[in-house]
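Chemist: Here you go, one structure.
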Amino acid sequence: MRLLLVAMIFNLITMSTGRSAEELLGDPDAGRQLAETVCATCHVIAPSHMPTTDIDAPAFPDLAIEPRVTALSLRVFLQTPHERMPDLHLDPDETDNIIAYILSLDQ
């Protein structure tokens, strides 16, 4: 019984860390629009975009191709306050959309 419970939890975790935007809950187009309004000042949000500040924030296309970056790792990062990043207070749908957009850049 305990092994079955562990297997079920593992399946739930691995299902939420898929690399493909199609496997995610969010809308990549809505995530792109949100990134343009909220993230573009500091981050490169698309291959042809340049931020308006000189902050060394990670580029979204670079995050998308990094194998260790998953939907789960992005969710944890976005929900954790960071010294160099403002607390955005994203609602769950906005978080899903940003994650879907970032991971869609890998395709």
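Chemist: Restricting attention to the range 76-107, which residues are part of a helix (DSSP H, G or I) and loosely packed, with under 12 Cβ neighbours inside 10 Å? Break it down stepwise before answering.
Modeler: First, the residues of the range 76-107 that are part of a helix (DSSP H, G or I): 76-78, 92-104.
If the condition is that a residue be part of a helix (DSSP H, G or I) and loosely packed, with under 12 Cβ neighbours inside 10 Å, then 76, 92 are the ones that fit.
Chemist: Checking the condition modelled with pLDDT of 80 or more and part of a loop (DSSP other than H, G, I, E, B), which residue from 48, 73 passes?
Modeler: Only one candidate qualifies: 48.
Chemist: Collect the residues in the range 53-66 that are within 13 Å of the chain's Cα centre (by Cα) and part of a loop (DSSP other than H, G, I, E, B), keeping them in residue-number order. Please lay out each step first, then the result.
Modeler: Within the range 53-66, the first condition is being within 13 Å of the chain's Cα centre (by Cα), and the residues that meet it are 58-66.
Matches in the range 53-66: 58, 59, 66.
Chemist: Collect the residues in the range 81-100 that are among the hydrophobic types (A, V, I, L, M, F, W, C) and in contact with a Leu (Cβ under 7 Å, 6 or more places away or on another chain), keeping them in residue-number order. Full working, then the answer.
Modeler: From the range 81-100, those among the hydrophobic types (A, V, I, L, M, F, W, C) are 85, 88, 90, 98-100; that's our starting set.
Those that are among the hydrophobic types (A, V, I, L, M, F, W, C) and in contact with a Leu (Cβ under 7 Å, 6 or more places away or on another chain): 90, 98, 99, 100.
Chemist: Further, regarding this structure: Show the residue pairs meeting these rules: Cβ distance below 6 Å; 6+ apart or different chains; first residue within the range 84-107 and closer than 14 Å to residue 70 by Cβ and small (Gly, Ala, Ser); second residue at pLDDT below 95 and not in a helix (DSSP H, G or I).
Modeler: Sorted first by the residue in the range 84-107, then by its partner, the pairs are 100/24; 100/26.
Chemist: A further question on this structure: Here is a list: 41, 80. Which entry is under 19 Å from residue 30 (Cα atoms), hydroxyl-bearing (Ser, Thr, Tyr) and at pLDDT below 90?
Modeler: On the way: 80 fails: under 19 Å from residue 30 (Cα atoms).
Residue meeting the stated conditions: 41.
Chemist: Identify the residue in the range 50-64 that is surrounded by 10 or more Cβ atoms within 10 Å (Cβ to Cβ) and among the hydrophobic types (A, V, I, L, M, F, W, C) and, among all such residues, is farthest from residue 28 (Cα to Cα).
Modeler: Per the criteria, the residue is 55.
Chemist: Could I ask something else about it? Could you please find all residues in the range 23-45 being in a loop (DSSP other than H, G, I, E, B) and of a type in the set (A, V, I, L, M, F, W, C)? Talk me through it step by step, then tell me what you get.
Modeler: Keep residues of the range 23-45 that are in a loop (DSSP other than H, G, I, E, B), which gives 24-27, 39-45.
Scanning the range 23-45 gives 24, 25, 39, 40, 42, 44, 45.
The values are calculated or read from the model by the stated rules, or taken from the named source; none is laboratory data. Computed from a predicted structure; not experimentally measured. Neighbour counts are summed over all protein chains in view; Cβ atoms, including those assigned to glycine, are modelled from backbone coordinates with ideal geometry.
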